[in-house]
Amino acid sequence: MEKNENLIHYLLMLGDNSMILGHRLSELCGHGPNLETDIALTNISLDFFGQVRSYFQYAAQLKGEDFNEDKIAFLRNERQYYNATLLEQENNDFAYVIVRQFLFDAFHKELLEQLMNSKDTTIAAIATKSIKECRYHLRFSSEWLKRLGNGTEESHQKAQLALNDLYVYCHELFAESEVERKMKESGIGADLDAIKHNYLAIIHQLIAEAQLKIPETIQRVAKGKLGFHSEKLGYILTELQYMQRAYPDMQW
Amino acid sequence: MSPEINLEKAFQDRIDKGEKIEPKDWMPEKYRKTHIRQISQHAHSEVVGMLPEGNWITRAPSLKRKCALLAKVQDEAGHGLYLYSAAETLGISRDEMIEQLHSGKAKYSSIFNYPTLSWADMGAIGWLVDGAAIINQVMLTRTSFGPYARAMVRICKEESFHQRQGYEIMMVLASGTPEQKEMAQDALNRFWWPSMMMFGPRDEESTNSELSMKWKIKRKSNDELRQQFVDNSVPQAEYLGLTIPDPDLKWNEERGHYDFGDIDWNEFWQVVKGDGPCNKERMEARQNAWDNGKWVRDAAMAYAEKQSKSKSIAV
Ligand SMILES: [Fe+2]
Ligand SMILES: [Fe+2]
């Protein structure tokens, strides 16, 4: 039983990352800088929500009884969401969207590559399916990072500003939680320490190619994945949960 | 006969024979202008049309519905893209067309100036608005201008999927709790008449129709299309157990069609002229997206130029 609880918690962490970032991207639908980018960002959002459904369907199955993907997605309280704090950051401008995406995609790719070998065959299957999407996302976000960094004076400044603000949230991705440690030890979850090295190498190289500077590191480690979020998550949940809260127990 | 008249006659003969006109073919200036106007307005409608439904993406009631809605709104962006490309073959750039939208010179379908106030509106829009659009667009698959006709073939397939999806949302609501059924009825009440208006003014007041018929842009009149919409929709509403908000709606045995009440033409013209419930919000949203995106588009352009320069130096 305890094993299942940890596994369910781990699935929520994975699913919440995809859901909260997918939500942020979905806010942009219809408001992109041009149609092509609008379509691409919506596509990425759709990929994330596809992953969310896979993770939460599995979690619901483990929880049994009367659980389903929507109950898991929409009916938890703020402290019971376990996404990394990076992903709930706002779409201040397109540079924030791209930098947030890039910092996560590079991590996500390493993570999924490990999870493809998970002892849990369902997680391994989800990771195998998601990795293709993730590689495309990383290509998209790193291409744009280079465009913004090397484009105009203005785009360079905006990209640097976004990087300065968001880079601090990278630490959290590797701060191993209790659940992550247990999942790693049982061969189900990823080894974050092993990912960290590759991750930093990749992002540092691309940040250099974009002619941007790595900001001075701040030591504070955000704790979103432990359920201690920024104030922004509450507003995301207000929208995300609106229908399920206002009209409980209905079919849609 | 002057050479110009010969050309025009040969052009009309081709259309009458059902041949497609391609961008490089000779065409009367008026034909080109009319198509630029119509195709770009159609493209703008697809893009502005993303906004009312986009309004509910973050609040969709289930993950499945959220994905379907995201995909639908994304399809509309794709329709905008094909249509802008079709118009570009006639010698106008996408940026110019977008300028015309923002300046108010180009119009878009008035239906998108109505607000979406509940989840049921996603159902009503799919069922009625996409439904009305299909009636128009199926006709346009046989229009004389090749790129437009081909874009329509592609688009129509997706639109009928949207319509089924919308109707299915309505079906779930109409067979749900009393609250859900009320939500569905309210959405039908609000979207019925604006959908009827999508077919444009009555035939006797429609200014462009004669030329449009001659060039096969239109093969049926506004009133014929509107009748077709009513005839399709009544049994669909009955099946849902919902009531179309028109007390004059009645089967006419003699005509073999439904009779229906009068559209509020004051409201129609008011919204067309820019004074609808959301005209201002829609234009502001488009203008903001465009203005806020300028530095992004500039950066992409600057980067592409630098790349091609460094390549040519390397060679
Ligand atoms: Fe469309
Ligand atoms: Fe559609």
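The values are calculated or read from the model by the stated rules, or taken from the named source; none is laboratory data. If you're wondering where the values come from, they're calculated on a predicted model, not measured in any experiment. So basically every Cβ, Gly included, is an ideal-geometry build from the backbone, and we count neighbours across all protein chains shown. Heavy atoms of the whole protein, side chains included, go into the accessibility calculation; ligands, DNA and RNA do not. Shrake-Rupley method; radii C 1.70, N 1.55, O 1.52, S 1.80 Å.
Brief remarks follow.
- Legend: residues in the stretch A:9-30 shielded by at least 40 square angstrom of accessible surface upon adding the remaining protein chains to the isolated chain (1.4 Å probe, heavy atoms) are A:Ser26, A:Cys29, A:Gly30.
- Chain A: calculated mean residue ellipticity at 222 nm from DSSP helix runs of at least 4, using -39500 (n - 2.57): -22500 deg cm²/dmol
- Based on alpha-carbon atoms, the Kirkwood radius and the radius of gyration of the stretch A:2-246 give Rg/Rh equal to 0.95.
- Relative contact order (percent, whole number), chain B, Cα cutoff 8 Å, 6+ residue spacing: 18 percent
- Cross-link pairs B:Lys66/B:Lys105; B:Lys216/B:Lys273; A:Lys158/A:Lys196; A:Lys71/A:Lys146 - those with Cα-Cα distance over 31 Å: B:Lys66/B:Lys105; A:Lys71/A:Lys146
- A Förster radius of 51 Å combined with the Cβ-Cβ distance from B:Ser312 to B:Lys157 puts the calculated FRET efficiency at roughly 0.75.
- Within the stretch B:148-235, the proportion of C-alpha pairs whose separation exceeds 16 Å stands at 68%.
- Added length on full extension, which subtracts the Cα-Cα distance from 0.36 nm per residue, A:His204 to A:Asn164: 13.0 nm
- With at most 11 other Cβ atoms within 10 Å, longest stretch of chain B clear of loop trypsin sites (Lys or Arg not before Pro) (DSSP): B:106-254
- Cα convex hull of the stretch A:1-73 - mean projected area over all directions, nm²: 4.7 nm²
- For the stretch B:63-121 versus the stretch B:35-53, the gap between their alpha-carbon centres in whole angstrom: 4 Å
- Within the straight-line cut-off of under 14 Å between alpha carbons, the aspartates and glutamates reachable from B:Lys214 are B:Glu8, B:Asp13, B:Asp16, B:Glu19, sequence neighbours fewer than 8 places apart in one chain being disregarded.
- For residues of B:66-74, the mean tally of beta carbons on other chains within 10 Å: 6
- Residue pairs, from the table B:Lys33/B:Lys107; B:Lys9/B:Lys30; A:Lys109/B:Lys306, whose Cα atoms sit over 26 Å apart: A:Lys109/B:Lys306
- Note on A:62-70: average number of Cβ atoms from other chains within 10 Å of each residue's Cβ is 1.
- Spherically averaged projected area of chain B from its Cα convex hull (nm²): 21.4 nm²
- Accessible-area composition of the protein assembly as shown, carbon plus sulfur, in percent [1.4 Å probe]: 51 percent
- Placing a pseudo-label 7 Å from each Cα along the Cα-to-Cβ vector at A:Ser186 and A:Ile218 gives an inter-label distance of 3.6 nm.
- Inter-probe distance in nm under a simple model that places probes 7 Å from Cα toward Cβ, at B:Lys64 and B:Asp186: 2.5 nm
- The stretch B:61-169: relative contact order in percent, alpha carbon pairs under 8 Å with at least 6 residues between: 30 percent
- In range of the label at B:Lys17: residues from the stretch B:138-153 whose backbone nitrogen is under 17 Å from the point 7 Å along Cα→Cβ: B:144-146
- Label-point separation in nm, B:Arg255 to B:Glu96, each point 7 Å along Cα→Cβ: 4.3 nm
- Within straight-line cross-link reach of B:Lys220, lysines at Cα separation under 19 Å, skipping those fewer than 8 residues along the same chain: B:Lys17, B:Lys20
- Relative contact order of chain A, pairs being alpha-carbon contacts under 8 Å that are 6 or more residues apart, as %: 24 percent
- Shielding by partners - mean other protein chain Cβ count within 10 Å, residues of A:38-46: 5
- From largest to smallest, the equivalent ellipsoid semi-axes obtained for the protein assembly as shown from the alpha-carbon gyration tensor read 46, 32, 19 Å.
- Total accessible area lost when B and A pair, probe 1.4 Å, Å² to nearest 100: 4000 Å²
- For chain A, the solvent-accessible area of protein heavy atoms averages 42 Å² per residue (probe radius 1.4 Å; ligands and nucleic acids excluded).
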